[in-house]
Every structure is written in C-alpha cells, then in structure tokens.
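So the structure is just underneath, and the comments pick up after that.
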Amino acid sequence: MTSTYQAVVRTDSVIRALVPEDLADVLEMEVRSYSHPWSEAVFRDCFRPDYRLYACDCGAALGGYAIVAYLFDEAHLLNLCVPPERRREGVGRQLLRYLIARAAHEGMKQALLEVRVSNLSAIALYESEGFRGIGRRPGYYPAADGREDASVMAIDLCVI
Ligand SMILES: CC(C)(COP(=O)(O)OP(=O)(O)OC[C@H]1O[C@@H](n2cnc3c(N)ncnc32)[C@H](O)[C@@H]1OP(=O)(O)O)[C@@H](O)C(=O)NCCC(=O)NCCS
C-alpha cells in the first residue's frame, strides 16, 4: 500500500466525532444529497458503541459526514455524504481516508460498502482509494422507477 492512507489531506478542516447536535445540519444535507434520504430516526439509531460517526468540520458549517458500523472485524461504511456546494474539494476523500485509518487502528481487517451502480462519482472515489468490487446485490436500493442494484466494494485493511 502506498502513502494514500494519510488521515488528513486538507488543512482548512478537521474530522471530529459527529454529535446529536449536528443532526439538523446532517438532515438538511442528507435530503439535498440522496433521492431516498435517511430519516432522523435512522441517524439517531446510529449513536451506538459499535458505530463510528464522523463530521468534517470546516468552521461555519459541516463539510460532510460519514457513518460506519463495526461488525466483528469488518467496518461497514453506511453513509458518506458531502453537500453539493462542497463537492470536488477533497472532503469526501478526507473523510474516507480518516475512517479507514481509524478502522485499521481499531483492529478492523476489512472495510465494506454498498453503492448504487449508477453512482459513478462515489465509485470513482472508492476505487481511487483502493476499494474493489466484490459482488452485486440485485434490487438493493429503492429507485424512482423500481429498484436499483448495489455494487459491493471492499478493501483489505491488514496491509495498511
Ligand atoms: C461521493 C461523494 C461523497 C464524493 O465527495 P467529494 O467531496 O465530492 O469527493 P472528493 O472531492 O474527495 O473527490 C474524490 C474523488 O472522487 C471522484 N469523484 C468525486 N466526484 C466525482 C464526479 N462528480 N465525477 C467523477 N468523479 C468524481 C474523483 O476520483 C475524485 O478525485 P479528483 O477530484 O482528484 O478527480 C459526494 O459526491 C456525495 O456526497 N455524493 C452524494 C452522496 C453519495 O452518493 N454518497 C456515497 C454513497 S455510497
């Protein structure tokens, strides 16, 4: 593995724990970012000991957030989101590198995620950070015209 796995790539923002007080901002970003956004109840259910919730703090406003669930020795990335006005600035990559580094540090052996097969920008980000497709879940996501497949992607953390 190369030096890709640095926890910080931007100097004008920090990654910190997401807290319940962030939820109003998170929900606002969520509805602007997804066709089928998570509800407040789903986010509140993520405040558990085996979950990691991260916020990118850019000062005045949140620059993005990530939700990870630890299951045995696997880190499942459940949500990674950057608001439209902050995209292509490196925030998503910063969050992803941070959560991966933390997961490896905490003994996770693999990171996994599902992503809509149409979500080419997210897939490009994950591939550029070393994730590889390991499968496909037919009809995993709701979609405007029915269901959409998920691509399952994973990265081995043992080599980090
Ligand atoms: C996916 C997402 C988190 C990326 O966040 P971001 O901050 O814009 O990403 P970055 O600026 O760190 O970009 C990192 C890389 O991702 C890829 N990428 C990001 N947006 C892209 C786009 N619109 N088109 C093509 N590639 C893209 C590129 O490889 C990019 O590297 P580059 O800028 O050097 O070319 C963001 O687009 C988002 O929140 N989308 C809506 C929610 C979502 O789909 N989340 C993923 C669920 S699985």
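The values are calculated or read from the model by the stated rules, or taken from the named source; none is laboratory data. On a predicted model such as this, the values are computed, not experimentally measured, just so you know. Note that each Cβ is placed from the backbone with ideal geometry, even for glycine, and that neighbours are counted across all protein chains shown. Keep in mind that these areas ignore ligands, DNA and RNA; they rest on the heavy atoms of the full protein, side chains included. Shrake-Rupley method; radii C 1.70, N 1.55, O 1.52, S 1.80 Å.
Looking at Tyr70, Tyr65, can you tell me which residue is more than 16 Å from the ligand (Cβ to nearest atom), assigned to a strand (DSSP E or B) and closer than 18 Å to Glu114 by Cβ?
Tyr70
Give the residues of segment 102-126 that are more than 7 Å from the ligand (Cβ to nearest atom) and either assigned to a loop (DSSP other than H, G, I, E, B) or over 14 Å from the mean Cα position of the chain (by Cα) (or both), sorted by residue number.
Ala104, His105, Glu106, Gly107, Met108, Lys109, Gln110, Val117, Ser118 - these are the residues of segment 102-126 that are more than 7 Å from the ligand (Cβ to nearest atom) and either assigned to a loop (DSSP other than H, G, I, E, B) or over 14 Å from the mean Cα position of the chain (by Cα) (or both).
When you scan segment 45-55, how many residues do you find that are touching a residue at least 40 places away in the same chain (Cβ under 8 Å) and open to solvent by 30 Å² or more (accessible area, probe 1.4 Å)?
Count: 1.
Is it fair to say Ser39 is in contact with an Asp or Glu (Cβ under 8 Å, 6 or more places away or on another chain) and either at pLDDT 95 or above or within 15 Å of the ligand (Cβ to nearest atom) (or both)?
no
Can you pull out the residues in segment 19-62 that are outside any strand (DSSP E or B) and under 21 Å from Gly107 (Cα atoms)? Quick ask: steps written out before the conclusion?
Of the residues in segment 19-62, the ones outside any strand (DSSP E or B) are 19-50, 58-61.
Result: Cys46, Phe47, Arg48, Pro49, Asp50.
Give me the pairs: first residue in segment 56-72 and closer than 15 Å to Ala154 by Cα, second residue modelled with pLDDT of 95 or more, beta-carbon distance under 6 Å, and six or more apart or on different chains, which are they?
Val68/Arg52; Val68/Ala75; Val68/Leu77; Val68/Leu99; Ala69/Tyr51; Ala69/His76; Ala69/Leu78; Tyr70/Asp50
If you check Arg132 against the conditions, is it within 16 Å of the chain's Cα centre (by Cα), more than 18 Å from Glu30 (Cα to Cα), open to solvent by 80 Å² or more (accessible area, probe 1.4 Å) and more than 10 Å from the ligand (Cβ to nearest atom)?
In short, yes.
So how many residues does segment 102-129 have that are in contact with an Asp or Glu (Cβ under 8 Å, 6 or more places away or on another chain) and open to solvent by 50 Å² or more (accessible area, probe 1.4 Å)?
Residues flagged as in contact with an Asp or Glu (Cβ under 8 Å, 6 or more places away or on another chain) and open to solvent by 50 Å² or more (accessible area, probe 1.4 Å) within segment 102-129 amount to 3.
Given (1) within 10 Å of the chain's Cα centre (by Cα); (2) buried (at least 21 other Cβ atoms within 10 Å of the Cβ); (3) more than 9 Å from the ligand (Cβ to nearest atom), where does His76 come up short, assuming only one miss?
Single failed check for His76: (2).
Criterion first (modelled with pLDDT under 95 and open to solvent by less than 60 Å² (accessible area, probe 1.4 Å)) does Thr4 satisfy it?
yes
What are the pairs with Cβ atoms under 6 angstrom where one residue, in segment 98-126, is touching a residue at least 24 places away in the same chain (Cβ under 8 Å) and the other, located anywhere, is away from the ligand (no atom under 12 Å from the Cβ) and in a helix (DSSP H, G or I)? Sequence gap at least six, or different chains.
That search, which allows pairs on different chains as well, returns Ala111/Ile100; Ala111/Ala103.
Looking only at segment 79-101, which residues are of a type outside the set (A, V, I, L, M, F, W, C), more than 6 Å from the ligand (Cβ to nearest atom) and buried (at least 18 other Cβ atoms within 10 Å of the Cβ)?
Asn79, Pro83, Arg86, Gln94, Arg97, Tyr98
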